[in-house]
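First the structure, in the form of structure tokens, and then the observations on it.
The values are calculated or read from the model by the stated rules, or taken from the named source; none is laboratory data. Keep in mind it's a predicted model, so treat the numbers as computed, not measured. Positions of Cβ are generated from backbone atoms using ideal geometry, with glycine treated the same way; all protein chains shown enter the neighbour counts.
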Ligand SMILES: [Zn+2]
């Protein structure tokens, strides 16, 4: 979201990968890349040997990569931009991750604060400002992610719950639906046999890709060519079977095309398969309540979801949206009126807003 480079905004990950392969130093400071197999993240210009594309993910900065659990590379030192406050939040996240991995009791907020040399209230403020959730909510999200991973790997549900540190299965089931977005049993079934139908179509905003799981629409993306859109989908749902759409998919595709051509024009309720953390889903829900033709600032959106200090986390959640237009993150702009970034290209964002502004709303 912070990128100001128009090339990067056009085809984000494909373009980032090209810059990494080229060791392009001009891209330093715009993003970092992290390697799953080594747990290390680097600047785009790092001299180290290039990993396989499949093992690479991109983060907007060193801070985000550290929060995701990656360590800075010793050769290119990408962590220089991290402040002491950032470091405190990172240390807390890492301490919680370690405790969960080792199945230890989670440290208390007071203990965590003492370890980073801050008062509990100051730490809580910094943490909420950075991530949009409290330390407690973060620990819960980590637990449920551990459950998701265990379920996707096929462990028995009870084992997965207990391994994640829940004291009983009853306590977990109370939380499961809100954290996973669906009941645990269905999630497990999906992790193993998830099937995604998808198709691409030409629109006046370029190529459109629409994908649907058994639950609902799970991806809507815009881009310049259908092959790279399909490649991104493949990366996003690596374990799913991707199949050609059945006959009735055409109707859904037409609805989404209508959404692109006349965003917010007629209210269509698409069944959505929304995957994200509890915080991201709160942000995305608030986005869906913005009237077409109107825009909002990140800080206003943060206020609307009751987390006024989390504008930065809200911006990250907007950037993580995988459902173009259906979750209208294009309606969020910077305080100074500039458009900010857009996963599918800032020119497309401008055009969507223009189309909505000319709508006849009655
Ligand atoms: Zn490096």
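Residues to consider are 97, 111, 104; find the one that is touching a helix residue (DSSP H, G or I) at 6+ places or on another chain (Cβ under 7 Å) and not assigned by TED's automatic domain parsing to the domain that holds residue 48.
97
Could you list, in sequence order, all residues of the stretch 68-90 that are buried (at least 20 other Cβ atoms within 10 Å of the Cβ) and more than 16 Å from the ligand (Cβ to nearest atom)?
88, 89, 90
Go through the residues of the stretch 31-49 one by one and say whether even a single one is away from the ligand (no atom under 15 Å from the Cβ), surrounded by 20 or more Cβ atoms within 10 Å (Cβ to Cβ) and not assigned by TED's automatic domain parsing to the domain that holds residue 283.
No, because not a single residue in the stretch 31-49 is away from the ligand (no atom under 15 Å from the Cβ), surrounded by 20 or more Cβ atoms within 10 Å (Cβ to Cβ) and not assigned by TED's automatic domain parsing to the domain that holds residue 283.
Being in a helix (DSSP H, G or I), farther than 18 Å from residue 352 by Cα and in the same structural domain as residue 357 (by TED's automatic domain parsing) narrows it down to one residue among 335, 285; which is it?
After ruling out the rest, the residue left standing is 285.
If a residue must be part of a loop (DSSP other than H, G, I, E, B) and touching a strand residue (DSSP E or B) at 6+ places or on another chain (Cβ under 6 Å), how many such residues does the stretch 226-254 contain? Explain how you work it out, then say what you get.
We begin by selecting, within the stretch 226-254, every residue part of a loop (DSSP other than H, G, I, E, B); these are 237-240, 244-248.
Add one more test, that the residue is touching a strand residue (DSSP E or B) at 6+ places or on another chain (Cβ under 6 Å), and what stays is 237, 240, 245.
So the count comes out to 3.
Quick one: which residue in 311, 302, 317, 307 is crowded, with 18+ Cβ neighbours inside 10 Å, within 21 Å of residue 135 (Cα to Cα) and within 11 Å of the chain's Cα centre (by Cα)?
Criteria check complete, one pass: 317.
Check whether at least one residue in the stretch 100-111 is part of a loop (DSSP other than H, G, I, E, B), in contact (Cβ under 8 Å) with a residue 24 or more places away in the chain and within 14 Å of the ligand (Cβ to nearest atom), and report yes or no.
No, the conditions are met nowhere in the stretch 100-111.
What are the pairs, 6+ residues apart or on separate chains, where a residue within the stretch 20-48 that is more than 12 Å from residue 61 (Cβ to Cβ) has its Cβ under 7 Å from a residue that is within 9 Å of the ligand (Cβ to nearest atom) and part of a helix (DSSP H, G or I)?
42/78
Is it true that some residue in the stretch 121-132 is at pLDDT below 85, away from the ligand (no atom under 16 Å from the Cβ), under 28 Å from residue 318 (Cα atoms) and loosely packed, with under 14 Cβ neighbours inside 10 Å?
no
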